[in-house]
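K.L.:
One structure follows; several queries about it will come next.
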Amino acid sequence: QVQLVESGGGSVQAGGSLRLSCAASVRTFSTYTMGWFRRAPGKEREFVAAIRRSDDITYYADSVKGRFTISRDNVKNMVYLQMNSLKPEDTAVYYCAAGRSIVAPMASRGYDYWGQGTQVTVSS
């Protein structure tokens, strides 16, 4: 069983920055592709960013490209999402996810484990 705990959410003004963290209670963290997804009120869950296992190749949704950066620390079993130039439309609950056999890192169905989420609110 893999436990994922997100932190770092909060309220910021448009144009501000925030860094989300996800702590994973796994022994083989480096073997997991890690992803960030978000769900805004009244909307479906959507992909935000992912970092692949082994080679650390990253993926980003077009809506956050150039503003968000995903990274991981395989020693600390942590994955981060640095969010810059935040917009009101970034407001959502952000979820950390992990999977070992992911063919499409941008598809939520491929991830096996999910955190409880952390709220990010961006005001205009």
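K.L.:
At 1.002 mPa s and 20 °C, plugging the Kirkwood radius over alpha-carbon pairs of the stretch 84-124 into Stokes-Einstein gives what diffusion coefficient in µm²/s?
P.N.:
My calculation gives 182 µm²/s for D.
K.L.:
Let me ask something additional. Which of 35, 99, 16 moves the most in a Gaussian network model of the chain with Cα springs under 10 Å?
P.N.:
Greatest mean-square fluctuation among the candidates belongs to 16.
K.L.:
Here's a follow-up. Expressed as a rounded percentage, what relative contact order does the chain have, with Cα pairs under 8 Å and six or more residues apart?
P.N.:
After rounding, I find 35 percent.
K.L.:
Among the GluC sites (Glu not before Pro) in the stretch 18-124, which ones are in a DSSP loop with at most 10 other Cβ atoms within 10 Å of the Cβ? Mind listing them?
P.N.:
44
K.L.:
Now, a different point. Kindly state, to the nearest 0.05, the FRET efficiency for residue 25 paired with residue 123, given R0 = 35 Å and r defined as their beta-carbon distance.
P.N.:
0.55
K.L.:
If you roll a 1.4 Å probe over the heavy atoms of the protein chains, what accessible area per residue do you get for the chain, in Å²?
P.N.:
On the way: 6530 Å² over 124 residues.
Per residue, the chain has an accessible area of 53 Å².
K.L.:
Along the stretch 53-59, what does the Karplus equation 6.51 cos²θ - 1.76 cosθ + 1.60 (θ = phi - 60°) give for ³J(HN,Hα), rounded to whole Hz, x for Gly and Pro?
P.N.:
After applying 6.51 cos²θ - 1.76 cosθ + 1.60, I find 5, 6, 9, 6, 5, 10, 9 Hz.
K.L.:
If you take every DSSP beta bridge fully contained in the chain, what fraction is antiparallel? Give it as a percent rounded to 5.
P.N.:
Close to 90 percent.
K.L.:
For the chain, give the magnitude of the charge dipole about the Cα centre (Cβ charges: +1 Lys/Arg, -1 Asp/Glu; no others), in debye to the nearest 20.
P.N.:
Result for the chain is approximately 120 debye, rounded to the nearest 20.
K.L.:
Let me ask something else. Per residue, what volume in Å³ does the Cα convex hull of the stretch 27-68 take up?
P.N.:
It comes to 81 Å³ per residue, whole-number rounded.
K.L.:
Using the alpha-carbon centroid of each, what span in Å lies between the stretch 81-99 and the stretch 10-80?
P.N.:
Each part reduced to its Cα centre gives a spacing of 7 Å.
The values are calculated or read from the model by the stated rules, or taken from the named source; none is laboratory data. All figures in this text were calculated on a predicted structure; none of them were measured in a lab. In this analysis, Cβ positions are derived from the backbone assuming ideal geometry, glycine residues included, and neighbour counts consider all displayed protein chains. We work out accessible area using only protein heavy atoms, side chains counted, and drop any ligands, DNA or RNA first. Shrake-Rupley method; radii C 1.70, N 1.55, O 1.52, S 1.80 Å.
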